[in-house]
Amino acid sequence: MMNESTAPVTPLVPADRPADRRLVAPLWHTAVLIAALLGIAAYGAYVQHMAGPSPQLVAHRGSALKLYFFLIASEWGLLRFVTAGGLKRTGTRLRDLIGERWSGWRDVARDVAIALAAWAVWTAAEALLAPVFGQDSAKSIDSLLPRGPLEIAVWVALSVSAGFCEEAFFRGYLQRQFFAWTRNSPLAVIAQGVLFGAAHGYQGWKNMLVIAVYGCMFGALAAWRKSLRPGMIAHTWQDVLTGLTLRVAMRLAP
């Protein structure tokens, strides 16, 4: 009899289909991935606490390219761990988690439209949540924002990497894994969203709560659409726009 932890997984299908109820990776692998995500977040929080940038540091910092390249390598390294270390053991392919392929320009246009709508909803929700939570106690991360054409180009590459990789292992791998454990789709969406927020704990607990809401919203989008593509597009666009608009705002500030 085929063990549930080693049975191959078929592409994303409605939640009541048996394929969604199979583990996409061994339990130990998921535990290691969660520990790695929380460990990276804890390190980031420590660095934030010990060496948060002052306005003078923002003005005189060196190049952020080394940090950007490190973060890009971390994103793809974790994705490699997910695919080669976990999915491969159950015969699952990355495209099984991403969902149905685009068959033409109409599919592309549809998912772009869904992504823009999701981004608009998220932007409105963020504006509503900001006054509720207030300003966070975390030190500013303004010194990490891109300056100059080269840093902007690499920032865009970092945003694309985060949009693809984080959607793959939060809304793809972890959400599917949590559903296989709980047999409860809303609970799986919430669990990965909470973990997504915790993985950004270095931004402060208030921002962490907002990001957890973001993760739940995009988890619900992935569950509804049966595809990660709209979320990947919206996530990438959000990161690109955030970095560039905050940098412009800083330059215009008195």
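Read-outs: derived from the displayed coordinates by stated rules, not from any lab. None of these values were measured; they are calculated from a predicted model. With ideal geometry, Cβ positions are generated from the backbone for all residues, glycine too; neighbour counts draw on all protein chains shown.
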Exactly which GluC sites (Glu not before Pro) in the stretch 65-131 are in a DSSP loop and have at most 16 other Cβ atoms within 10 Å?
-> GLU100
Applied in sequence order to the stretch 154-165, the curve 6.51 cos²θ - 1.76 cosθ + 1.60 (Karplus, θ = phi - 60°) yields integer Hz couplings, x standing for Gly and Pro, of 6, 4, 4, 4, 5, 5, 5, 4, 5, x, 6, 5
HN-Hα J couplings of the stretch 35-40 from phi, Karplus 6.51/-1.76/1.60, θ = phi - 60°, integer Hz, Gly and Pro as x?
-> 4, 5, 4, 5, x, 4
